[in-house]
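Take a look at the structure below.
Derivation of every value follows stated rules applied to the coordinates shown; laboratory data play no part. Values in this document were obtained by computation on a predicted structure and should not be read as measured data. Positions of Cβ are generated from backbone atoms using ideal geometry, with glycine treated the same way; all protein chains shown enter the neighbour counts.
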Amino acid sequence: MGTIYFSYFESAIGDLLLAGDGEVLNVLGFPGGKGKRRHQDGWKKDDSVFKEVGKQLSAYFAGELKKFDLKLAPQGTGFQRQVWKALQDIPHGETASYGEIASKIGRPLASRAVGAANGRNPIPVIIPCHRIIGSTGKLVGFGGGLETKTFLLNLESAAMALDL
C-alpha cells in the first residue's frame, strides 16, 4: 500500500478517524471504546482527501442519508469481507442478528465467527455493524461502546419515523 492519508471528522459521536489511500476509505476509527483508533506514524494528514466522506457522514448524522455511496476497501480475510458486505445489505433503521447474517452468507453455524468478523469491521458506521443485535434482541458489544451503538440506532429509527 502506498501513502495513507488521514483526517478527523467531527461528528455527533466524537472525532472519527478517516484513513485511506486517496481513492478509497480503508479505516473509520472511533474516538473511544475498544474500537478507538488514532492515526499512525507515517500517515499524511490531508483533510481534502475525505471531502465526500465528510459530506455523506454529515448527511447521515443529520438524518438525511440512509445509504452511503463511497469507495471502500476494508482490509480483512475473505470471510470477514463477506460478512462486511452482508452488513451493508441491512436496511437503514433495521437490525439483524449474528445468526441471520451467518445464514445469509451460507454459513448458518458460523454465528460466532460472524460476531468476530463484525467486531473487526475497520469501517464502522459506513459498514453498519451497529445494526447487529443479539438473537434475543438485546444490544451486544460494539467497538464504539454501547452508548454510541444506541445513539446510532436511535438516529436511524428517528429518520425512519420521519420518513426522510
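Taking GluC sites (Glu not before Pro) as exposed when DSSP calls them loop and at most 12 other C-beta atoms lie within 10 angstrom, the chain has its longest site-free stretch at 95-164.
Let me check against my output: what whole-number percent is the relative contact order of the chain, with C-alpha pairs under 8 Å and at least 6 apart?
Working: 256 pairs, mean separation 37.1, N = 164.
Taking the mean separation of contacting Cα pairs over the length of the chain, I get 23 percent.
Placing unit charges on the Cβ atoms only, positive for Lys and Arg and negative for Asp and Glu, gives the stretch 62-126 a dipole magnitude near 260 debye about its Cα centre.
All other residues with a Cβ under 11 Å from the Cβ of ILE101 taken together, and with Lys, Arg as +1 and Asp, Glu as -1, what is their net charge?
+2
Applying a DSSP loop filter and a limit of 14 other Cβ atoms within 10 Å to the trypsin sites (Lys or Arg not before Pro) in the stretch 37-102 leaves ARG38, LYS66, LYS67, LYS71. Considering only PRO122, ILE132, PHE79, whose Cα is most displaced toward the positive end of the charge dipole of the stretch 78-162, charges sitting on Cβ of Lys, Arg (+1) and Asp, Glu (-1)? Most positive-ward Cα: PHE79.
Could you give the dipole magnitude of the chain about its Cα centre, charging the beta-carbon of Lys and Arg +1 and that of Asp and Glu -1, in debye to the nearest 20? If you can, show how the numbers build up before the last one.
Numbers: 20 positive and 16 negative charges, 128 e Å.
That gives the chain a dipole magnitude of about 620 debye.
Close amide H pairs (under 5 Å, H built 1.01 Å from N) link VAL27 with ALA19, residues at least 5 positions away or on another chain. Summing Cβ point charges (Lys, Arg +1; Asp, Glu -1) relative to the Cα centre of the stretch 5-61 gives a dipole of roughly 240 debye.
Defining a contact as two alpha carbons under 8 Å apart and six or more residues distant in sequence, what relative contact order in percent does the stretch 5-61 show? Intermediate values should be presented prior to the final figure.
Working: 80 pairs, mean separation 19.7, N = 57.
Normalised by residue count, the contact order of the stretch 5-61 is 34 percent.
Over 32 Å apart at the Cα level, from the set LYS55/LYS149; LYS45/LYS138; LYS51/LYS104; LYS51/LYS138, are LYS45/LYS138; LYS51/LYS104; LYS51/LYS138. Exposure proxy shown here: for VAL83, VAL140, the number of other Cβ atoms within 10 Å sets the order, fewest to most, as VAL140, VAL83.
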